[in-house]
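Q: What follows is a single structure, and I will ask about it in a moment.
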Amino acid sequence: WDNADFSRGVGTTFYQEFSTLNTAKPPFVRDVEAKVRRYMRSSYSAAWTLKITWEKAPVYASRSDTRKTITYQAILTTDGFRSYILMLYQDGGMQWDYTRLAATNVLIGYT
């Protein structure tokens, strides 16, 4: 999530927290649980989930072109013992021209 530049008033970052330890779970949390169960092939019941969205994020040095933006999300979730993160990118939404970025070692993902 490097090189996003919100300093020119283009794009938005927002979050939504879901504390579901002893409450009914909204459809979003049930969907996250289903994804974790499918990907990890284990039982999972979320006690807490956080959804962070970067919407229409312009590339750093947005002076170059504020029309080329990306939208992506990070979903953090835990059952109190295990924690997971889902990183979601808008399909076809990567509008940044990585060949014009200051850094030449661009990588999407984590280690």
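The values are calculated or read from the model by the stated rules, or taken from the named source; none is laboratory data. Quantities reported herein were computed from a predicted structural model and do not represent experimental measurements. A quick note on method: Cβ atoms are made from the backbone with ideal geometry, for glycine too, and the neighbour counts reach across all protein chains shown. SASA here: full protein model, heavy atoms, side chains in, ligands and nucleic acids out. Shrake-Rupley method; radii C 1.70, N 1.55, O 1.52, S 1.80 Å.
Q: Mind giving me the FRET efficiency for L86 and F6? R0 is 30 Å, r the Cβ-Cβ distance, nearest 0.05 is fine.
A: Numbers: r = 23 Å, r/R0 = 0.75.
Using R0 = 30 Å, I get an efficiency of 0.85.
Q: Let me make sure I get this right: for the range 1-58, a, b and c are the square roots of the gyration tensor eigenvalues over alpha carbons, sorted descending. Under 1.5 in a/c it's rounded, otherwise prolate if a/b > b/c, else oblate. Which is it?
A: prolate
Q: How do 40-51, 67-78 rank on mean C-beta neighbours within 10 Å, highest first? Provide the component values of the computation, followed by the final result.
A: Details: 40-51: 14.7, 67-78: 17.2.
Averaged packing, sorted descending, gives the order 67-78, 40-51.
Q: Explain nothing, just compute: Karplus ³J(HN,Hα) = 6.51 cos²θ - 1.76 cosθ + 1.60, θ = phi - 60°, for every residue of the range 43-49 in order, whole Hz, x for Gly and Pro.
A: Ordered by residue, 3J(HN,Hα) equals 6, 7, 9, 5, 9, 7, 9 Hz.
Q: For K25, list the lysines whose Cα falls under 29 Å from its own Cα; do not include residues on the same chain fewer than 8 positions away.
A: K35, K51, K56
Q: Leaving out ligands, DNA and RNA, what percent of the accessible area of the range 12-100 is carbon and sulfur, probe 1.4 Å?
A: Looking at the range 12-100 in its full context, I get 52 percent from C and S.
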